[in-house]
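Following: one structure in structure tokens, then a few remarks.
A short reminder: the numbers here are calculations on the coordinates, not readings from a lab. Remember, it's a predicted structure, so these values are computed and weren't measured experimentally. Using ideal geometry, Cβ is built from the backbone for each residue, glycine included, and neighbour counts are taken over all protein chains shown.
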Amino acid sequence: MTDGPMTDGGSGRVWTGGCACGGVRYEIMATPSPVSFCHCGQCRRQHSHVGAYTTFPRDALRLVADDTLAWYASSERARRGFCSRCGTGLFWDPAAEPRMDATAGSLDEPTGLQADRHIWVDFKGDYYSLCDDGLLRRTSTEPGNQTLFNDPTED
Ligand SMILES: [Zn+2]
């Protein structure tokens, strides 16, 4: 059905998204994971508050417009992609892994996605409380402390 090496095997849907000003537009050619709310200090700074991310195989990403896409090495492990014109946070890209994340808020609606967990809750800001919303909670050192990645090569 497809020539893509790591697509989701046939939903046929393409997820689209982009920044607020339109300088960056992207497509995801695979079904993204459930959304994680990340409470780490880097996400809170970049997104003004908690980060919301979905993950997918890196080679499922197609950049349709990237004139204003800029990257920031936020750690030794990963870089963050954002629009240099409007400031929208777009991607979290860990170099050593076959996946990457996009911000849930940059996806076009309807996303059809659901959030399933809070992560890095031990680093959450001191200015809010985490109410019980029924979602999983994971600290920075626990398994499941990142958005779920279903690697299709690891069945
Ligand atoms: Zn922009």
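Amide H of Leu90: which non-local residues (sequence gap of 5 or more, or other chain) have their own amide H closer than 5 Å, using H built in the peptide plane?
Counting only residues 5 or more places away or on other chains, the set is Gly81, Phe82, Cys83.
Pull out the extension gain between Ala96 and Tyr72, defined as 0.36 nm times the separation in residues minus the alpha carbon to alpha carbon distance; nm, one decimal. Spell out each step's value before the answer.
Details: separation 24, 0.36 × 24 = 8.64 nm, distance 1.62 nm.
This chain segment gains 7.0 nm when fully extended.
Thinking of segment 21-155 as a set of Cα atoms, what percent of all their pairs are more than 20 Å apart?
Details: 3994 of 9045 pairs.
Summing the P(r) of segment 21-155 above 20 Å gives 44 percent of all pairs.
Sorting Arg99, Arg77 on the 10 Å Cβ count, fewest up front, what's the list?
Details: Arg99 23, Arg77 11.
Least crowded to most crowded, the residues run Arg77, Arg99.
When all C-alpha to C-alpha distances in segment 77-155 are sorted into bins of 5 Å, what percent of pairs does each bin hold, rounded to whole numbers?
Bin by bin from 0 Å, the calculated values are 3, 11, 16, 22, 24, 16, 6, 1, 0.
Using alpha-carbon pairs under 8 Å, 6+ residues apart, how would you state the relative contact order of the chain in percent?
On the way: 327 pairs, mean separation 39.7, N = 155.
Over the chain, the number comes to 26 percent.
Using a Förster distance of 30 Å, how high is the FRET efficiency between Tyr127 and Arg85, based on the Cβ-Cβ distance and rounded to 0.05? Don't jump to the answer; show the numbers that get you there.
Details: r = 29 Å, r/R0 = 0.97.
Efficiency, from the Cβ-Cβ distance: 0.55.
Taking the Cα-to-Cβ direction at Ser11 and at Arg45 and moving 7 Å from each Cα, how far apart do the two end points lie in nm?
That separation, rounded to one decimal, is 3.3 nm.
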